[in-house]
1. Determine which single condition PRO99 fails, assuming it passes every other condition in (1) of a type outside the set (Ser, Thr, Tyr); (2) within 16 Å of the ligand (Cβ to nearest atom); (3) touching a Ser or Thr at 6+ places or on another chain (Cβ under 8 Å).
2. From the set of residues in the stretch 116-129 that are out of contact with any Pro (no Cβ under 8 Å at 6 or more places or on another chain) and modelled with pLDDT under 95, which is farthest from THR68 (Cα to Cα)?
3. Output the residues belonging to the stretch 44-93 that are away from the ligand (no atom under 16 Å from the Cβ), under 12 Å from PHE130 (Cβ atoms) and either surrounded by 13 or more Cβ atoms within 10 Å (Cβ to Cβ) or not small (Gly, Ala, Ser) (or both).
4. Could you say whether any residue in the stretch 157-171 is at pLDDT below 95, of a type outside the set (Val, Ile, Thr) and out of contact with any helix residue (DSSP H, G or I) (no Cβ under 9 Å at 6 or more places or on another chain)?
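The values are calculated or read from the model by the stated rules, or taken from the named source; none is laboratory data. This is a predicted model, so every value here is computed, not measured. Note that each Cβ is placed from the backbone with ideal geometry, even for glycine, and that neighbours are counted across all protein chains shown.
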Amino acid sequence: MQHISTRRGLLGGALALTIALGGSAWAQDQGATVKAGDLAISQAWTRATPGGAKVGGGYLTIENKGKTADRLIGGATPAAARFEIHEMSLSDGVMKMHPVAGGLTIAPGKTVKLAPGGYHLMLIDLKQPFKQGESVPVTLRFEKAGEVAISLSVQGIGAGAPGAHGGAMMMMKQDAAPAPHGGTK
Ligand SMILES: [Cu+2]
């Protein structure tokens, strides 16, 4: 009898944990899509930064509905001194990030996702920490679509990408990524 109730307690705890992780913070205003010419930009977000962090990542989805390629060539934000577009790549078994040479091409009819572990915006020398629930204004500069104002919705420090279901999967992804911006501790 006592044995059974203990097991139940454990199961209940595991279930609650799964829901907490899997549900994450994505109930917020993630639906906003910004249109600029043939481009549609959605799911723009960043992570809250711990107090002393000097850099933050920016993540978003860019869809090109047009017939010609465009390119993300730069941007700016009042929240940081510098703005770069980065990619991650494996060199000597270690994931490293570096600026994307020549900008990030968005081919016609394609969707490019900037996400943890891959392409991302790199905001360097933050003026103040990013706090969950706030939003960070960013101006993206495209070769053809020109300047596009968006805002990054600040998620929790450990937040995974939107649509990444299941706590275990999210945690595995984060272990595999080399704490990209010092923001995971
Ligand atoms: Cu980076």
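1. Answer for PRO99: the failing condition is (3).
2. GLN128
3. ALA48, PRO50
4. Taking every residue of the stretch 157-171 in turn, at least one turns out to be at pLDDT below 95, of a type outside the set (Val, Ile, Thr) and out of contact with any helix residue (DSSP H, G or I) (no Cβ under 9 Å at 6 or more places or on another chain).
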